[in-house]
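What follows is a set of notes on a single structure, which appears directly below.
The values are calculated or read from the model by the stated rules, or taken from the named source; none is laboratory data. Since the structure is predicted, the reported quantities are computational estimates derived from the model, not experimental observations. Please note: Cβ atoms are built from the backbone with ideal geometry, for glycine as well, and neighbour counts cover all protein chains shown.
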Amino acid sequence: MADIKLTLAEDKRRAPSIEAEARRLQTRGWLYYPIKGKPLRAERGCWVYFIRGGFLVARAKSSSFERLKESASLYDGSPMPAGKWMAKCIPPMQFARRKLSHRGFQSFRYVTASDGFGEAFD
């Protein structure tokens, strides 16, 4: 099983901080994050690491990776049309004890040992 990483865009619809994002996750019980395609090596229960503002800031467990059969709401309440792939994450969100610099990217990537993400949560 492989963990994945996602870049959280900083836009008007996004929670203003990672702490506010974690509160949304806790309140709702799950949040969808759009991804391009199905992660073939990731499975339910793997970590989804979040990059925001050029830093690793948090992680949450995946509940599933699914292609939407019907329209749904994203993390920010905006509609997402059917047919898109999503990472569904569940609480609690864990904050990195040490923010690691990490360049942003689109969609998802697999976490590698060279990323050093484990150190941020020790």
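Here ALA113, ALA72, ALA82, ALA96 are screened, and the one residue that is among the small types (Gly, Ala, Ser) and within 19 Å of ILE18 (Cβ to Cβ) is ALA96.
A quick yes/no check of all residues on (1) over 18 Å from LYS36 (Cβ atoms); (2) not hydrophobic (A, V, I, L, M, F, W, C):
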residue: SER63; (1), (2): yes, yes
residue: ALA72; (1), (2): no, no
residue: GLY83; (1), (2): no, yes
residue: ALA87; (1), (2): no, no
residue: ARG98; (1), (2): yes, yes
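Once segment 72-104 is narrowed to residues that are assigned to a strand (DSSP E or B), charged (D, E, K, R) and touching a residue at least 24 places away in the same chain (Cβ under 8 Å), the residue that is surrounded by the most Cβ atoms within 10 Å (Cβ to Cβ) is LYS88.
The single residue among LYS61, LYS69 that is surrounded by fewer than 11 Cβ atoms within 10 Å (Cβ to Cβ) and touching a residue at least 12 places away in the same chain (Cβ under 8 Å) turns out to be LYS69. Counting residues in segment 17-34 that are of a type in the set (Ser, Thr, Tyr), at pLDDT below 90, within 28 Å of ASP122 (Cβ to Cβ) and part of a strand (DSSP E or B) gives one or more.
Can you confirm whether ALA60 is out of contact with any Leu (no Cβ under 7 Å at 6 or more places or on another chain) and of a type outside the set (Ser, Thr, Tyr)? In short, no.
Among what's in segment 105-116 and is of a type in the set (S, T, N, Q) and over 22 Å from PRO34 (Cβ atoms), pick the residue that is surrounded by the fewest Cβ atoms within 10 Å (Cβ to Cβ).
By that ranking, first place goes to SER114.
Taken over segment 47-86, residues that are of a type in the set (Ser, Thr, Tyr) and within 14 Å of the chain's Cα centre (by Cα) amount to 5.
In segment 48-57, the condition of being more than 18 Å from ASP3 (Cα to Cα) and in a strand (DSSP E or B) is met by no residue.
Applying a threshold of 8 Å to beta carbon distances and a minimum spacing of six or more residues, or different chains, the list of pairs starting in segment 14-25 at a residue that is closer than 16 Å to SER78 by Cβ and touching a residue at least 12 places away in the same chain (Cβ under 8 Å) and ending at one that is in a helix (DSSP H, G or I) and acidic (Asp, Glu) reads ARG14/GLU21; ALA15/GLU21.
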